[in-house]
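Asker: This is the structure I want to talk about, given as C-alpha cells.
Values quoted throughout were computed directly from the atomic coordinates according to the rules given, and no laboratory measurement underlies them. Just so you know, these numbers come straight off a predicted model, no measurement behind them. Reconstructed Cβ throughout: ideal geometry from the backbone, glycine too, with neighbour counts over all protein chains shown.
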Amino acid sequence: MSNAFVSLQKLSLAYGQTVVVPELNLDIREGELIALLGPSGCGKTTTMRAIAGLMTPQSGKIHIGGVDMTHTPANKRGIGLVFQSYALFPHLTAFENVAFGLRLKKMPVSEIKSRVEEGLNTVGLSHLADRKPAEMSGGQQQRLSLARSLVMEPKVLLLDEPLSNLDARLRLDMRTELQRLQRATGITMIFVTHDQAEALALADRIVLMKDGVIEQVGTPDELYNNPASKFAADFFGFENIFAIKGSNIIGSNGSLTANFDAENGHLAWRPSAISVGSGPFQGTVMGVSFAGEQREYVIKTDFGQIKAANPAADPVYEIGTLVAFDLPSKSAWHLPNVGNDS
Amino acid sequence: MTSKWTSRLIIGLTLTFLIGPFFIIIFAGMSAGDFMTFPPDGLSLKWYMKVFTVESFRESFALSLFLAIFGTIAALILGVPAAYAISRYNIPYAETIKTVVAAPIIVPGIIVGLALLRYLVVPLSFTVTLALFMAHTALVLPYAVRVVSSSLNNLRSDMEEAAVLLGCSRIGAFMRVVLPNIQSGVLAAFILGFVTSFNQVPVSLFLSGPGVRTLPIDMLSYMEITYDPSVAALSALLALLSVAIVFLAEKFLGFSRYV
Ligand SMILES: Nc1ncnc2c1ncn2[C@@H]1O[C@H](COP(=O)(O)OP(=O)(O)OP(=O)(O)O)[C@@H](O)[C@H]1O
Ligand SMILES: [Mg+2]
C-alpha cells in the first residue's frame, strides 16, 4: 500500500441507470486538505456521498485508514459530512443539534457541554445556542451544520460547499478558521467548492472534476500556473484560449497570422496578460467594466473575442473605439494537443 | 342582485340541513316529557342526567372508548411504518398499495362487517371484541397512512442521513429525528382515527353480539325498545364531545392541514 489514508479505487457511481462517475481513482494522504472543484452537476456531491457511505458504488473500492470500507455502513465509518443542504434537525436547538452526535457517544454531560460550547464558539454562534434552525439565517445554519460535524472530531471530514452561503468577510474568517482547525487537529478534509479562489487559498491539493472524471490533480500552484487541459486553463482564469496551427491563431471567426513559438495545440492568456493601448493587433471595444484594481475590456477582433485588462488608473477606452493590443508570447501558456481536448 | 340572494339562500339551506339536526337533537333531549318530540315537551335536564345512569350505556361507552383508543393506536403502529416506507423508498406500486390500504373506507361498511362476521368470527370463533378491534383498526388505518404520509412528505430526508453519520442506526434516526418532526401529524391522525372509530356504525352493527355493543349500536337497540329523549341527550353529548376534540385539535395542531 502507498501512504494513502483515503483511497478511491476504480470507483463507479450511478443513480439507477444514470452513471454519474464512470471510474474514479484518487489517493489522499492523512491530514491533507483537498479541494474538490468542478462545475455544477459534475458529480462532487455524489462522490462525497459515496465516501461517507450514503450510497453504494456500482463497483470499485473505498479504503480509509488502510481498511476496505466499501461496504461498511455509514455510521461505522467515522466520517463527518457537512451537507450542501445543511440537513439540520428542525426540532432541536442549535445547542442540541451540535450535541446530537456527542450524546449518542454517551459522553459525560459536562464534557458534552464544554465541547458544544467550544464548537459553537468556533463558528461564532455562541449567542444563538437556544435558537431553532428555522429561526436562523442561511449563513448561520451553514455554520451550525459545520459545528455539528466538527465537534465529532472525525478522522475524515467531508464538506460540501461549507462556505457558499456566507458573505465575503465571514467567508474569509471561516476559511482561515477551517485551515487553522485542520492544521491543529490533523483531520483529513475534503471540501467541495465552485470557487477557484477558495480552492487555491485553502487546499493542499486541488482535484478538478468534469463530468464525473478527474481532469487534473495537483497543488494550487500547479493548477494555477500549469493547467494541463483547456478545461483546466479556462477554470483557472485563462479566459483567452486559441487554437494554434503553424504558428498562427485559429479563432472562431477567422485566423490571425503571427509568429508564435508554438506549432500546434492551444495558447492561453489571462486577461491581465493582455493590455490595451499598444501592440501589433487591432480590435473594437465591445464592453468595459470597472473591477477595482483593473478595468476589464471585451474586444472584438477579426479572429474572435479577446478579454483584456488594464490598470484602473490608465485612460479609459469607450465602447466602439478601435484599439491596439498585444498577445505577448512570453505570458502565453501553451497547451499541447492532448487526448480528446480539442 | 338575484344571484346574490340565490347564493345566500343556498348557503342558508345548506347550513340549516347540516347544523339544524344538531340543534333539534339538543332540544329534543331537553324535553320534560317522556317521549322524544320536537319541539320539546317543556324543558328539563333530566334526560341528560339519566344518560349517565343507564348501565348498558356505560358498558358500551367503555367498549367504544377502548376500541377508539387501542384500535387507533394499533392502526398507527401499522400505518406509520407503512407511510414511511411509501414516502421514503421507491417501492413499486406505491399508489396501488395506498389504494388497497384505503379499501376499508371505500368498500361499504356493511360488507366489511358481514365479511368479518362470516369469515372470522363464525368459522374461527374469534371473540366479538377481538373482531371489533380488528375491524376498527382496519378502518382507521387508511386515515393513519394518509395523514402521516402528508407530514412525512414535508420532511427532508437528508436529516436522517445526517443523523446516521453522527452515529445513529437507521431505526435510531427514525426515532430521534423523524418521529419528533412528524408528531403533530401523528397526533392529528390519532384524533381523526379516534373520531372515526367512535362514530362507526355499519361494521360494528354486524359484529356486535349480546352484551358486546359499541355505543352507537347500543343507542340503536335502546331506541327500538324505549323511545324516550335520553338517546337524543346522549347524541347531543357525543356530538359536543366530537366538536370539542376537533376544535382543540384545530387550535393546537392546525388539524385541517392534515385532513
Ligand atoms: N438522486 C439522483 N438521481 C438521479 N440523478 C441524480 C441524483 N442526484 C444527482 N443526480 C445527477 O448526478 C449528477 C451529479 O450530481 P451531483 O449532485 O453529484 O453534482 P455536484 O457536482 O455536487 O453539483 P453542484 O455543484 O450543483 O452541487 C447530476 O447530473 C445530477 O443531475
Ligand atoms: Mg453538490
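Asker: Count, for each residue of A:97-106, the Cβ atoms from other chains sitting within 10 Å of its Cβ, then give me the mean as a whole number. Mind dumping the intermediate values first?
Answerer: On the way: counts 3, 0, 0, 7, 6, 2, 3, 7, 2, 0.
Average neighbour count from other chains, rounded to a whole number: 3.
Asker: If you take the square roots of the eigenvalues of the alpha-carbon gyration tensor of the protein assembly as shown and sort them as a ≥ b ≥ c, do you get rounded (a/c under 1.5), prolate (a/b over b/c) or oblate? Display every interim value, and only then the final one.
Answerer: Numbers: a/c = 3.03, a/b = 2.41, b/c = 1.26.
It is prolate, given that a/c is not under 1.5 and a/b is the larger ratio.
Asker: Compute log10 of I(q)/I(0) for the range A:78-182 with the Debye formula, placing one identical point scatterer on every Cα and leaving out solvent, at q = 0.14, 0.21 Å⁻¹, to two decimals.
Answerer: Result of the Debye calculation: -0.47, -1.13.
Asker: Could you name the aspartates and glutamates in cross-link range of B:K46, using Cα to Cα under 14 Å and dropping any fewer than eight places away on the same chain?
Answerer: The qualifying aspartates and glutamates are B:D34, B:D228.
Asker: Counting alpha carbon pairs within less than 8 Å and at least 6 residues apart, what relative contact order, in whole percent, applies to the range A:188-342? If you can, show how the numbers build up before the last one.
Answerer: Details: 304 pairs, mean separation 30.7, N = 155.
Taking the mean separation of contacting Cα pairs over the length of the range A:188-342, I get 20 percent.
Asker: Now for a different question. Other chains near A:79-87: what is the mean number of their Cβ atoms within 10 Å of each residue's Cβ? It would help to have the intermediate numbers written out before the result.
Answerer: On the way: counts 1, 3, 6, 2, 6, 1, 4, 4, 10.
Partner-chain Cβ atoms within 10 Å, mean over residues of A:79-87: 4.
Asker: Taking the Cβ of A:A312 as the center, what net charge do the other residues with Cβ under 10 Å away carry, scoring Lys and Arg +1 and Asp and Glu -1? Show your work: numbers first, answer last.
Answerer: Numbers: positive: A:R295; negative: A:E293, A:E296, A:D314.
Around A:A312, the surrounding residues sum to -2.
Asker: So for the pair B:V122, A:T284, with labels modelled 7 Å out along Cα→Cβ, what separation do we get in nm?
Answerer: According to this spin-label approximation, the distance is 9.5 nm.
Asker: When chain A is treated as a GNM, springs tying every alpha-carbon pair under 10 Å, which of A:T46, A:T72, A:T18 comes out with the largest mean-square fluctuation?
Answerer: A:T18
Asker: How much length, in nm to one decimal, is gained on full extension between B:S169 and B:F66, taken as 0.36 nm per residue of separation minus their Cα-Cα distance?
Answerer: On the way: separation 103, 0.36 × 103 = 37.08 nm, distance 3.47 nm.
Length gained between B:S169 and B:F66: 33.6 nm.
Asker: Considering only C-alpha atoms, what is the centroid distance from the range A:263-342 to the range B:179-198, in Å?
Answerer: For the range A:263-342 versus the range B:179-198, the Cα centre distance is 67 Å.
Asker: Another question about this same structure. Mind listing P(r) for the range A:6-233? All alpha-carbon pairs, 5 Å bins, whole percents.
Answerer: In whole percents, the pair-distance histogram is 1, 7, 14, 18, 19, 17, 12, 7, 3, 1, 0, 0.
Asker: Then there's this: Given only helices, namely DSSP H runs of n ≥ 4 each adding -39500 (n - 2.57), what is the per-residue ellipticity at 222 nm of the protein assembly as shown, to the nearest 500 deg cm²/dmol? Could you put the intermediate results ahead of the total?
Answerer: Values: 21 runs with 267 residues, N = 601.
Helix contribution divided over all residues of the protein assembly as shown: -14000 deg cm²/dmol.
Asker: Please give me the summed charge of the neighbours of A:T45: other residues whose Cβ is under 10 Å from its Cβ, Lys and Arg +1, Asp and Glu -1. All intermediate terms of the calculation are to be shown ahead of the outcome.
Answerer: Working: positive: A:K44, A:R49; negative: A:D160, A:E161.
Residues near A:T45 contribute 0 overall.
Asker: For chain B, modelled as a Gaussian network with Cα springs under 10 Å, which listed residue fluctuates most, B:L155, B:L166, B:L241?
Answerer: Largest GNM mean-square fluctuation: B:L166.
Asker: Sticking with the crude label model, points 7 Å out along Cα→Cβ, report the distance from B:L13 to B:V107 in nm, one decimal please.
Answerer: In this crude label model, B:L13 to B:V107 measures out at 3.7 nm.
Asker: What percent does the relative contact order of chain A come to when contacts are Cα pairs within less than 8 Å and at least six residues apart?
Answerer: Numbers: 691 pairs, mean separation 51.8, N = 342.
Result for chain A is 15 percent.
Asker: Follow-up. Over the range A:214-285, what is the relative contact order in percent, taking alpha-carbon pairs closer than 8 angstrom and at least six residues apart? Show your work: numbers first, answer last.
Answerer: Values: 83 pairs, mean separation 17.4, N = 72.
So the answer I get is 24 percent.
Asker: Run through the range B:27-133 and list the chymotrypsin sites (Phe, Trp or Tyr not before Pro) located in a DSSP loop whose Cβ has at most 16 other Cβ atoms within 10 Å.
Answerer: Values: sites: B:F27, B:F35, B:W47, B:Y48, B:F52, B:F57, B:F61, B:F66, B:F70, B:Y84, B:Y89, B:Y93, B:Y119, B:F126, B:F133; in loops: B:F35, B:F52, B:Y89, B:Y93, B:F126.
In loop regions of the range B:27-133 (DSSP not H, G, I, E or B), the sparsely surrounded chymotrypsin sites (Phe, Trp or Tyr not before Pro) are B:F35, B:F52, B:Y89, B:Y93.
Asker: Please give the Cα centre distance for the range A:16-75 versus the range A:109-182, rounded to the nearest Å.
Answerer: 24 Å
Asker: Work out the FRET efficiency for B:A94 and B:S242 from their Cβ-Cβ distance, taking R0 = 30 Å, and round it to the nearest 0.05. Could the numbers behind the result be given before it?
Answerer: Details: r = 32 Å, r/R0 = 1.08.
Calculated transfer efficiency: 0.40.
Asker: List every residue whose amide H lies under 5 Å from the amide H of A:T219, counting only residues 5 or more places away in sequence or on a different chain, with H placed 1.01 Å from N in the peptide plane.
Answerer: The answer is A:I206.
Asker: Using 0.36 nm per residue, how much length does the chain from A:D167 to A:S331 gain when fully extended, once their Cα-Cα distance is taken away?
Answerer: Working: separation 164, 0.36 × 164 = 59.04 nm, distance 3.37 nm.
Extra length available between A:D167 and A:S331 comes to 55.7 nm.
Asker: Once the range B:1-146 is represented by equal point scatterers at the alpha-carbon sites, with solvent omitted, what log10 I(q)/I(0) does the Debye formula produce at q = 0.12, 0.18, 0.19 Å⁻¹?
Answerer: -0.84, -1.05, -1.08
Asker: Considering the alpha-carbon set of chain B alone, what are its Rg and its Dmax in angstrom?
Answerer: Gyration radius and largest Cα-Cα distance of chain B: 22.1, 71 Å.
Asker: How far is it, in nm, from the label point at A:D211 to the one at A:A291 when both lie 7 Å from their Cα along the line to the Cβ?
Answerer: 2.8 nm
Asker: Of the GluC sites (Glu not before Pro) in the range B:1-97, which ones lie in a loop per DSSP and count no more than 12 other C-beta atoms within 10 Å?
Answerer: Working: sites: B:E55, B:E59, B:E95; in loops: none.
Of the GluC sites (Glu not before Pro), not one in the loops of the range B:1-97 has a Cβ with at most 12 other Cβ atoms within 10 Å.
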